[in-house]
1. Does any residue in segment 216-228 that is assigned by TED's automatic domain parsing to the domain that holds P151 come within less than 9 Å, Cβ to Cβ, of a residue that is of a type in the set (S, T, Y) and crowded, with 18+ Cβ neighbours inside 10 Å six or more places away or on a different chain, and which pairs are these?
2. Name, by its number, the condition in (1) surrounded by 14 or more Cβ atoms within 10 Å (Cβ to Cβ); (2) of a type in the set (D, E); (3) farther than 18 Å from L372 by Cα that does not hold for D95.
3. Within segment 362-376, track down each residue that is closer than 20 Å to I288 by Cα and free of Cβ contacts under 8 Å to residues at least 60 places away in the same chain.
4. Please list, ordered by residue number, the strands (runs of 3 or more DSSP E) wholly in segment 233-347 having 1 or more residues that are touching a Gly at 6+ places or on another chain (Cβ under 9 Å) and not charged (D, E, K, R).
5. State yes or no: is L111 in the same structural domain as E178 (by TED's automatic domain parsing) and touching a residue at least 12 places away in the same chain (Cβ under 8 Å)?
6. Just give me the residues in segment 20-35 being surrounded by 14 or more Cβ atoms within 10 Å (Cβ to Cβ) and of a type in the set (S, T, Y), in sequence order.
7. Can you tell me which residue is surrounded by the fewest Cβ atoms within 10 Å (Cβ to Cβ) among those in segment 348-361 that are among the aliphatic types (A, V, I, L, M) and not in a strand (DSSP E or B)?
8. What residue, among those in segment 99-111 that are surrounded by 20 or more Cβ atoms within 10 Å (Cβ to Cβ) and at pLDDT 95 or above, is nearest to V68 (Cα to Cα)?
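The values are calculated or read from the model by the stated rules, or taken from the named source; none is laboratory data. In this text the structure is predicted, and so the values were computed from the model without any measurement. A quick note on method: Cβ atoms are made from the backbone with ideal geometry, for glycine too, and the neighbour counts reach across all protein chains shown.
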Amino acid sequence: MSQFQCNGDQLLVNGHPLNLLKYHAGQTPFYAYDRSVIAQKVRLLRHKLPTALKLHYAVKANPMPAVVNFMREQVDGLDVASGNELRTALNSGLDGHQISFAGPGKQSQELGMAVATQTTVNVESFNELEKLRNISDEIGVRARVAVRVNPNFELKSSGMKMGGGAQQFGVDAEQVPEMLQLISEYGLHYRGLHIFTGSQNLNEDSILTAHRGIFELATQLQQGAKSDIESLNIGGGLGIPYFPGETPIHLEAIGEQLNELMTQFSDQHGDCEIAMELGRYLVGDAGIYVCEVIDIKQSRGTEFIVVNGGLHQHLSASGNFGQVIRKNYPVAIGNKMQQAPEKPVQIVGPLCTPLDLLANKYKLPKVEIGDLVVIYQSGAYGYSASPRDFLSHPHPVEILI
């Protein structure tokens, strides 16, 4: 993977060789996240996208506190999806005014945290709006709210669709005018709209179409609002390549169109902060998962490389996190980077289940016990999205380099 360099056979993470990072982490398996790769991705976005566009980090992609603290310095705001994520975001030193909170099932105590800290709540139902009204009255603080809209269109080619049709997310676009009326009646602080259509998209044309739809819908809905719009969150959706044949998304056309759409929206609605919310795109390719070969065995003509990590620590790499047809993440032997591949092998973990498969028929150099297996594209939805207590094996550790 081109975002990482090598020194001889050793993979480097922000200049640090993998054989030393093993001791830095104190164990294998571990996740390592490269600050320089994250910062480079942010610089790319700043260069290719409109200057006025705010960049937000979706904490759910990687909520490691050290990563969130680092991201706070790189972006303009944080988006959270739970009370614990909100606490992490606030502990980073960010003001609640720069944080937004989304999710279809927020608990009353989480809503109370958001209201008290003046975090913007992306409202997802009429019951939730009523709760916010009651909490505001109870604690004497006016809730800051935006309406999360379930649009009447979807982001085509998305790995995960979160808009269009019937959804647990957001308020159907046709019901939004009624909610805007209630926000005014309840005396809450109306911030604006959050329109998120899908994630992990590598098709520029689909993203361009979705952005046009988002701005058109926002203009239409804002006509029924009783207050000026202060904020429009257009979601993210930008994907990263994981599998053979996939290529990085090109930002030039997206930036050019966004510049036009934002200018038009500003002419109609005045000073409105427009934000793109990104998670995986910012941190996904900055992370690796490293585990160690502990056994090698032959079974009827197939070589099995047994490692001390597995699906309990990296569920998505095992293919059990949303893949319909299992595909391999990019894999390398991190201490044999210059050695040529020899033959395909199976990389399996220590769990007592055939689902514990990290690489299927993957061609690698000659593998020996003690080698370090590296799984790339592991910076998002790795550690926190995995069932780490499954079969009671030890947990991995995370380090930010």
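1. Short answer, once both residue conditions are applied: A225/Y190; K226/Y190; S227/Y190; D228/Y190.
2. Looking at each condition in turn, D95 falls short on (1).
3. Residues satisfying the conditions are Y362, K363, L364, P365.
4. Details: elements: 273-278, 287-299, 302-307, 331-333.
Filter on segment 233-347 gives 273-278, 287-299, 302-307.
5. For L111, the condition - in the same structural domain as E178 (by TED's automatic domain parsing) and touching a residue at least 12 places away in the same chain (Cβ under 8 Å) - is met.
6. Those that are surrounded by 14 or more Cβ atoms within 10 Å (Cβ to Cβ) and of a type in the set (S, T, Y): T28, Y31, Y33.
7. As a first pass, look at segment 348-361 and keep what is among the aliphatic types (A, V, I, L, M): 348, 351, 355, 357-359.
Those left that are additionally not in a strand (DSSP E or B): 351, 355.
Details: L351: 18, L355: 14.
Out of the qualifying residues, it is L355.
8. Looking only at segment 99-111, we keep the residues that are surrounded by 20 or more Cβ atoms within 10 Å (Cβ to Cβ), and these are 99-103, 106, 110-111.
From what is left, the residues that are at pLDDT 95 or above are 99-102, 106, 110-111.
Numbers: I99: 12, S100: 14, F101: 15, A102: 17, K106: 21, E110: 19, L111: 21 Å.
Per the stated criteria, the residue is I99.
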